[in-house]
Amino acid sequence: MTRKKRNYSRFYAIAKAKGIDLDQHKETLVSQFTGGRTSSLREMTPAEYDAMCECLQTGRPLGGSPAEYKERLRRARSAALNRMQRLGVDTADRTFAAVDEFCLDPRIAGKPFGMLTVEELQALVPKLEAILRKPVSEKPRRTIRIPLFIRADQRPS
């Protein structure tokens, strides 16, 4: 029986994108997804490997159902979009260009709205609420005073 050579680039790419230190966490991750059977990537079954990559990529917890995760994600996105709409961001546009531009600001989220995980969206809501609580300070208007002289012996024209 010949073993098919597997490519683990997906796992390493996800770990790099998420900022996961593999020297420290790789064996723990593999052990978690194999139920403690092994700590080696090579000894994982293809199903275990795919499940691990999917969970790391989407942020879905181990053992959680995809439908439950999608519902949590939908609720978190809805909460964030509601606050953004109250801030005046155009959320009705199908391309989400305004929402993405708003979220790309490093002080807000630093990445496009569609790439935010449930945890990041939940962390975003308090930031947006804090912005909403800030009083809107209007710029002081410049007042121009024009002297008006009315003579008693002159009629208005």
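The values are calculated or read from the model by the stated rules, or taken from the named source; none is laboratory data. The shown structure was predicted, so the numbers you read here are calculated from the model rather than taken from an experiment. Quick reminder, even Gly has a Cβ in these numbers, built from the backbone with ideal geometry, and neighbours come from all protein chains shown.
Quick notes
- Verdict on THR45 being surrounded by 14 or more Cβ atoms within 10 Å (Cβ to Cβ) and within 26 Å of SER65 (Cβ to Cβ): no
- If you filter segment 97-134 down to residues that are assigned to a loop (DSSP other than H, G, I, E, B) and of a type in the set (Val, Ile, Thr), you find that the one that is nearest to ALA76 (Cα to Cα) is THR117.
- Filter pass, CYS55 being farther than 30 Å from GLN32 by Cβ and surrounded by 18 or more Cβ atoms within 10 Å (Cβ to Cβ): no
- Screening the candidates ILE108, ILE131, ILE150, ILE144 for the property of being surrounded by 10 or more Cβ atoms within 10 Å (Cβ to Cβ), over 12 Å from the mean Cα position of the chain (by Cα) and not hydroxyl-bearing (Ser, Thr, Tyr) yields one hit, ILE131.
- Residues satisfying the stated conditions in segment 72-94, i.e. within 16 Å of the chain's Cα centre (by Cα) and either at pLDDT below 85 or closer than 30 Å to TYR8 by Cα (or both): ARG72, LEU73
- Tabulated pairs, segment 102-123, first on the phi < 0 side of the Ramachandran plot, second of a type in the set (Ser, Thr, Tyr), C-beta under 8 angstrom, 6+ apart or interchain: THR117/THR58; VAL118/TYR69
- Among the candidates THR58, THR34, THR28, residue that is of a type in the set (Ser, Thr, Tyr), under 20 Å from the mean Cα position of the chain (by Cα) and at pLDDT below 90: THR58
Quick grid of which residues meet (1) among the basic types (Lys, Arg); (2) without any contact (Cβ under 8 Å) to a residue 24 or more places away in the chain:
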| residue | (1), (2) |
| --- | --- |
| GLY35 | no, yes |
| THR45 | no, yes |
| LEU62 | no, no |
| PRO66 | no, yes |
| LYS70 | yes, yes |
| MET84 | no, no |
| VAL89 | no, yes |
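- Matching residues in segment 97-113 - criterion: being in contact with a Gly (Cβ under 8 Å, 6 or more places away or on another chain) and among the aliphatic types (A, V, I, L, M): LEU104
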